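Asker: Got a structure here, written out as C-alpha coordinates. Questions coming.
The values are calculated or read from the model by the stated rules, or taken from the named source; none is laboratory data. All of these numbers come straight from a predicted model, not from anything done at the bench. A quick note on method: Cβ atoms are made from the backbone with ideal geometry, for glycine too, and the neighbour counts reach across all protein chains shown. Remember, those area values only see protein heavy atoms, side chains included, never the ligands or the DNA or RNA. Shrake-Rupley method; radii C 1.70, N 1.55, O 1.52, S 1.80 Å.
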Amino acid sequence: MRIALLGGTGDIGEGLALRFGRDTSHELLIGSRDPEKARDAVADYEAALEDHTDSVDIKGFVNEMAADRADIVVLSVPPYHVGDTVEAVADNLDSDTVLVTPAVGMKGDEDGLHYHPPSTGSVTELVAERAPDEVPVVGAFHNLAAGALADLETDLDLDTLVVADDDTARDTVCNLARELEGLRALEAGPLANAAEVESVTPLVINIAKYNDDMHDVGVKWI
(Lines give C-alpha, C1' and ligand atoms only; values in the text may rest on other atoms or scores of the structure.)
Protein backbone atom coordinates (compact mmCIF):
# COMPACT_ATOMS: atom_id res chain seq x y z
CA MET A 1 0.00 0.00 0.00
CA ARG A 2 0.89 3.64 -0.27
CA ILE A 3 0.67 5.47 3.05
CA ALA A 4 0.65 9.27 3.10
CA LEU A 5 1.58 11.08 6.30
CA LEU A 6 0.25 14.61 5.92
CA GLY A 7 2.17 16.89 8.21
CA GLY A 8 4.68 14.07 8.19
CA THR A 9 7.51 16.41 9.19
CA GLY A 10 6.13 16.82 12.74
CA ASP A 11 6.65 14.67 15.84
CA ILE A 12 3.93 12.05 15.35
CA GLY A 13 4.56 12.01 11.61
CA GLU A 14 8.24 11.31 12.20
CA GLY A 15 7.52 8.53 14.67
CA LEU A 16 5.02 6.78 12.42
CA ALA A 17 7.23 7.22 9.35
CA LEU A 18 10.20 5.60 11.08
CA ARG A 19 8.17 2.70 12.43
CA PHE A 20 6.39 2.09 9.10
CA GLY A 21 9.71 2.41 7.31
CA ARG A 22 11.43 -0.13 9.52
CA ASP A 23 8.65 -2.65 10.09
CA THR A 24 6.71 -2.67 6.81
CA SER A 25 7.36 -2.70 3.08
CA HIS A 26 4.71 -0.10 2.25
CA GLU A 27 5.54 2.96 0.19
CA LEU A 28 5.62 6.07 2.39
CA LEU A 29 4.66 9.52 1.17
CA ILE A 30 5.67 12.36 3.48
CA GLY A 31 3.39 15.34 2.99
CA SER A 32 3.81 18.97 3.98
CA ARG A 33 2.43 22.33 2.95
CA ASP A 34 6.05 23.02 1.92
CA PRO A 35 7.34 20.31 -0.46
CA GLU A 36 10.96 21.25 0.24
CA LYS A 37 10.36 20.65 3.94
CA ALA A 38 8.89 17.25 3.07
CA ARG A 39 11.94 16.31 1.01
CA ASP A 40 14.28 17.41 3.81
CA ALA A 41 12.35 15.21 6.25
CA VAL A 42 12.64 12.27 3.86
CA ALA A 43 16.42 12.65 3.84
CA ASP A 44 16.47 12.69 7.66
CA TYR A 45 14.23 9.63 7.90
CA GLU A 46 16.29 7.70 5.37
CA ALA A 47 19.42 8.44 7.41
CA ALA A 48 17.71 7.34 10.65
CA LEU A 49 16.54 4.10 9.03
CA GLU A 50 19.85 3.26 7.39
CA ASP A 51 20.98 0.94 10.19
CA HIS A 52 17.54 -0.60 10.75
CA THR A 53 16.38 -1.80 7.33
CA ASP A 54 17.90 -2.86 4.03
CA SER A 55 15.57 -0.70 1.97
CA VAL A 56 12.86 1.87 2.42
CA ASP A 57 10.55 3.43 -0.15
CA ILE A 58 9.87 6.99 1.01
CA LYS A 59 9.23 10.20 -0.92
CA GLY A 60 8.25 13.78 -0.12
CA PHE A 61 5.40 15.79 -1.64
CA VAL A 62 3.10 18.70 -0.98
CA ASN A 63 0.12 17.43 1.03
CA GLU A 64 -2.33 17.38 -1.89
CA MET A 65 -0.02 15.28 -4.08
CA ALA A 66 0.72 12.85 -1.25
CA ALA A 67 -2.99 12.37 -0.56
CA ASP A 68 -3.77 11.90 -4.25
CA ARG A 69 -1.32 8.99 -4.52
CA ALA A 70 -2.18 7.20 -1.26
CA ASP A 71 -4.36 4.28 -0.20
CA ILE A 72 -4.20 5.37 3.45
CA VAL A 73 -3.89 9.04 4.44
CA VAL A 74 -2.80 9.78 8.01
CA LEU A 75 -3.50 13.29 9.29
CA SER A 76 -0.39 13.65 11.42
CA VAL A 77 -1.05 17.36 11.97
CA PRO A 78 -1.92 19.28 15.15
CA PRO A 79 -5.64 19.21 16.00
CA TYR A 80 -6.12 22.90 15.18
CA HIS A 81 -4.92 22.24 11.60
CA VAL A 82 -6.91 19.04 11.03
CA GLY A 83 -10.07 20.60 9.60
CA ASP A 84 -8.20 22.90 7.22
CA THR A 85 -5.95 20.05 6.09
CA VAL A 86 -8.91 17.80 5.30
CA GLU A 87 -10.57 20.54 3.29
CA ALA A 88 -7.32 21.28 1.43
CA VAL A 89 -6.96 17.67 0.24
CA ALA A 90 -10.66 16.78 -0.09
CA ASP A 91 -10.54 16.77 -3.89
CA ASN A 92 -7.66 14.27 -3.72
CA LEU A 93 -9.62 11.73 -1.66
CA ASP A 94 -12.16 9.16 -2.81
CA SER A 95 -14.04 6.12 -1.55
CA ASP A 96 -10.94 3.95 -1.95
CA THR A 97 -8.93 6.17 0.40
CA VAL A 98 -8.90 5.49 4.14
CA LEU A 99 -8.50 8.70 6.14
CA VAL A 100 -6.86 8.19 9.55
CA THR A 101 -6.62 10.71 12.37
CA PRO A 102 -4.51 10.41 15.55
CA ALA A 103 -5.10 14.03 16.62
CA VAL A 104 -6.40 14.93 20.09
CA GLY A 105 -7.70 18.28 21.29
CA MET A 106 -5.99 19.32 24.53
CA LYS A 107 -5.31 22.47 26.51
CA GLY A 108 -2.89 22.92 29.37
CA ASP A 109 -2.61 24.79 32.64
CA GLU A 110 -0.35 24.59 35.68
CA ASP A 111 -1.91 21.25 36.65
CA GLY A 112 -1.30 19.51 33.34
CA LEU A 113 -3.11 18.77 30.10
CA HIS A 114 -6.88 18.41 29.82
CA TYR A 115 -9.07 16.99 27.08
CA HIS A 116 -10.50 19.80 24.97
CA PRO A 117 -12.65 18.42 22.14
CA PRO A 118 -14.22 20.50 19.38
CA SER A 119 -17.97 21.09 19.28
CA THR A 120 -18.45 17.92 17.24
CA GLY A 121 -17.47 15.87 20.32
CA SER A 122 -14.06 14.65 19.16
CA VAL A 123 -11.39 15.48 16.61
CA THR A 124 -12.12 12.19 14.86
CA GLU A 125 -15.76 13.20 14.39
CA LEU A 126 -14.62 16.62 13.17
CA VAL A 127 -12.55 14.90 10.48
CA ALA A 128 -15.55 12.79 9.46
CA GLU A 129 -17.67 15.95 9.26
CA ARG A 130 -15.15 17.75 7.04
CA ALA A 131 -14.22 14.77 4.83
CA PRO A 132 -16.19 13.93 1.67
CA ASP A 133 -19.14 11.68 2.49
CA GLU A 134 -17.75 8.70 0.58
CA VAL A 135 -14.35 8.72 2.35
CA PRO A 136 -14.16 6.35 5.33
CA VAL A 137 -12.60 7.86 8.46
CA VAL A 138 -10.74 5.92 11.15
CA GLY A 139 -9.41 7.15 14.49
CA ALA A 140 -6.16 5.43 15.52
CA PHE A 141 -2.69 6.00 17.03
CA HIS A 142 -4.07 8.59 19.50
CA ASN A 143 -2.40 7.43 22.70
CA LEU A 144 1.11 6.74 21.39
CA ALA A 145 4.04 8.87 22.50
CA ALA A 146 5.80 10.41 19.52
CA GLY A 147 9.16 10.20 21.29
CA ALA A 148 8.86 6.45 21.82
CA LEU A 149 7.84 5.91 18.21
CA ALA A 150 10.75 7.94 16.85
CA ASP A 151 13.34 6.17 19.03
CA LEU A 152 13.90 2.94 17.12
CA GLU A 153 15.99 1.61 19.99
CA THR A 154 12.84 1.60 22.15
CA ASP A 155 10.89 -1.67 22.07
CA LEU A 156 7.16 -1.06 22.04
CA ASP A 157 4.67 -3.11 24.03
CA LEU A 158 1.59 -0.97 23.55
CA ASP A 159 -1.98 -0.92 22.32
CA THR A 160 -3.71 1.49 19.97
CA LEU A 161 -7.48 1.82 20.08
CA VAL A 162 -9.23 2.02 16.72
CA VAL A 163 -12.65 3.58 16.07
CA ALA A 164 -14.53 3.55 12.76
CA ASP A 165 -17.98 3.28 11.27
CA ASP A 166 -16.74 1.47 8.17
CA ASP A 167 -15.77 -2.14 8.93
CA THR A 168 -13.45 -2.56 5.94
CA ALA A 169 -11.56 0.65 6.71
CA ARG A 170 -11.30 -0.33 10.38
CA ASP A 171 -9.86 -3.73 9.48
CA THR A 172 -7.37 -2.15 7.08
CA VAL A 173 -6.02 0.19 9.76
CA CYS A 174 -5.99 -2.52 12.45
CA ASN A 175 -3.97 -4.79 10.18
CA LEU A 176 -1.58 -1.97 9.34
CA ALA A 177 -1.07 -1.11 13.02
CA ARG A 178 -0.35 -4.75 13.83
CA GLU A 179 2.51 -4.73 11.35
CA LEU A 180 4.41 -2.42 13.71
CA GLU A 181 6.54 -4.46 16.07
CA GLY A 182 5.21 -4.36 19.62
CA LEU A 183 1.94 -2.63 18.74
CA ARG A 184 -1.47 -4.26 19.17
CA ALA A 185 -4.62 -2.77 17.63
CA LEU A 186 -7.86 -3.10 19.56
CA GLU A 187 -11.29 -2.27 18.18
CA ALA A 188 -13.07 0.36 20.27
CA GLY A 189 -16.34 0.70 18.36
CA PRO A 190 -17.77 3.40 16.08
CA LEU A 191 -16.68 7.01 15.65
CA ALA A 192 -19.15 7.97 18.38
CA ASN A 193 -16.70 6.42 20.86
CA ALA A 194 -13.77 8.56 19.71
CA ALA A 195 -14.05 11.05 22.58
CA GLU A 196 -13.43 8.31 25.15
CA VAL A 197 -10.39 7.12 23.21
CA GLU A 198 -8.94 10.57 22.65
CA SER A 199 -9.39 11.58 26.29
CA VAL A 200 -6.86 8.93 27.34
CA THR A 201 -4.06 10.93 25.73
CA PRO A 202 -3.88 13.84 28.21
CA LEU A 203 -4.11 11.28 31.01
CA VAL A 204 -0.98 9.40 29.91
CA ILE A 205 0.90 12.68 29.37
CA ASN A 206 0.01 13.80 32.89
CA ILE A 207 1.20 10.48 34.31
CA ALA A 208 4.57 11.09 32.65
CA LYS A 209 4.61 14.65 34.00
CA TYR A 210 4.08 13.62 37.62
CA ASN A 211 6.30 10.53 37.74
CA ASP A 212 10.00 11.15 37.25
CA ASP A 213 10.77 7.54 36.30
CA MET A 214 8.14 7.41 33.55
CA HIS A 215 8.68 8.91 30.10
CA ASP A 216 6.79 8.46 26.83
CA VAL A 217 3.96 6.71 28.66
CA GLY A 218 1.61 4.48 26.67
CA VAL A 219 -1.30 2.15 27.28
CA LYS A 220 -1.54 -1.64 27.44
CA TRP A 221 -4.99 -3.12 28.06
CA ILE A 222 -5.08 -6.42 29.95
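Asker: How many of the residues in region 17-46 are crowded, with 16+ Cβ neighbours inside 10 Å and either of a type in the set (A, V, I, L, M) or on the phi > 0 side of the Ramachandran plot (or both)?
Answerer: The total comes to 8.
Okay, residues lined up against (1) assigned to a helix (DSSP H, G or I); (2) in contact with a strand residue (DSSP E or B) (Cβ under 7 Å, 6 or more places away or on another chain); (3) among the β-branched types (Val, Ile, Thr); (4) modelled with pLDDT of 95 or more:
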position: Val162; (1), (2), (3), (4): no, yes, yes, yes
position: Arg170; (1), (2), (3), (4): yes, yes, no, yes
position: Asn175; (1), (2), (3), (4): yes, no, no, yes
position: Val197; (1), (2), (3), (4): yes, yes, yes, yes
position: Ala208; (1), (2), (3), (4): yes, no, no, no
position: Asp213; (1), (2), (3), (4): no, no, no, no
position: Gly218; (1), (2), (3), (4): no, yes, no, no
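Asker: Keeping to region 23-43, report how many residues are aliphatic (A, V, I, L, M) and either in contact (Cβ under 8 Å) with a residue 40 or more places away in the chain or in contact with a Pro (Cβ under 6 Å, 6 or more places away or on another chain) (or both).
Answerer: Quick first cut of region 23-43, residues aliphatic (A, V, I, L, M) only: 28-30, 38, 41-43.
Keeping just the survivors that are either in contact (Cβ under 8 Å) with a residue 40 or more places away in the chain or in contact with a Pro (Cβ under 6 Å, 6 or more places away or on another chain) (or both) gives 29.
So the answer is 1.
Asker: Restricting to region 49-77, what's the tally of residues that are among the polar types (S, T, N, Q), touching a Ser or Thr at 6+ places or on another chain (Cβ under 9 Å) and surrounded by fewer than 24 Cβ atoms within 10 Å (Cβ to Cβ)?
Answerer: Final tally of qualifying residues: 1.
Asker: Having 3 or more residues that are closer than 26 Å to Thr168 by Cβ, in contact (Cβ under 8 Å) with a residue 24 or more places away in the chain and open to solvent by less than 10 Å² (accessible area, probe 1.4 Å) is the bar; report the helices (runs of 4 or more DSSP H) wholly within region 78-150 that clear it.
Answerer: Numbers: elements: 79-89, 123-130, 146-150.
Output list reads 79-89, 123-130.
Asker: Can you pull out every residue in region 33-76 that is more than 21 Å from Met1 (Cα to Cα) and in a loop (DSSP other than H, G, I, E, B)?
Answerer: Arg33, Asp34, Glu50, Asp51, listed by residue number.
Asker: Got at least one residue in region 153-168 being under 22 Å from Asp216 (Cβ atoms), under 14 Å from the mean Cα position of the chain (by Cα), open to solvent by less than 50 Å² (accessible area, probe 1.4 Å) and of a type in the set (A, V, I, L, M, F, W, C)?
Answerer: Of the residues in region 153-168, the ones under 22 Å from Asp216 (Cβ atoms) are 153-162.
With the extra rule that they be under 14 Å from the mean Cα position of the chain (by Cα), the set shrinks to 159-162.
This time we only want the ones that are open to solvent by less than 50 Å² (accessible area, probe 1.4 Å), so: 159-162.
Now drop any that are not of a type in the set (A, V, I, L, M, F, W, C), which leaves 161-162.
Checked against the condition, which is being under 22 Å from Asp216 (Cβ atoms), under 14 Å from the mean Cα position of the chain (by Cα), open to solvent by less than 50 Å² (accessible area, probe 1.4 Å) and of a type in the set (A, V, I, L, M, F, W, C), region 153-168 yields at least one hit.
Asker: Restricting region 1-15 to residues that are out of contact with any Gly (no Cβ under 8 Å at 6 or more places or on another chain) and not in a loop (DSSP other than H, G, I, E, B), which is farthest from Val89 (Cα to Cα)?
Answerer: Of all residues in region 1-15, those out of contact with any Gly (no Cβ under 8 Å at 6 or more places or on another chain) come to 1-3, 9-10, 12.
Subset that is not in a loop (DSSP other than H, G, I, E, B): 2-3, 12.
On the way: Arg2: 16, Ile3: 15, Ile12: 19 Å.
Ranking the qualifying residues of region 1-15, first place goes to Ile12.
Asker: Does Phe20 meet the test of being touching a Pro at 6+ places or on another chain (Cβ under 9 Å) and among the aromatic types (Phe, Trp, Tyr)? Full working, then the answer.
Answerer: Values: touching a Pro at 6+ places or on another chain (Cβ under 9 Å): no; among the aromatic types (Phe, Trp, Tyr): yes.
In short, no.
Asker: Considering region 102-125 alone, what residues qualify as being touching a His at 6+ places or on another chain (Cβ under 6 Å) and not hydrophobic (A, V, I, L, M, F, W, C)?
Answerer: So the first thing to find is which residues in region 102-125 are touching a His at 6+ places or on another chain (Cβ under 6 Å), and the list is 102, 104-107.
Result: Pro102, Gly105, Lys107.
Asker: Quick one: Asp171 ticks every box in (1) in contact (Cβ under 8 Å) with a residue 60 or more places away in the chain; (2) over 15 Å from the mean Cα position of the chain (by Cα); (3) under 22 Å from Arg2 (Cβ atoms) except a single one, so which number is it?
Answerer: Condition not satisfied by Asp171: (1).
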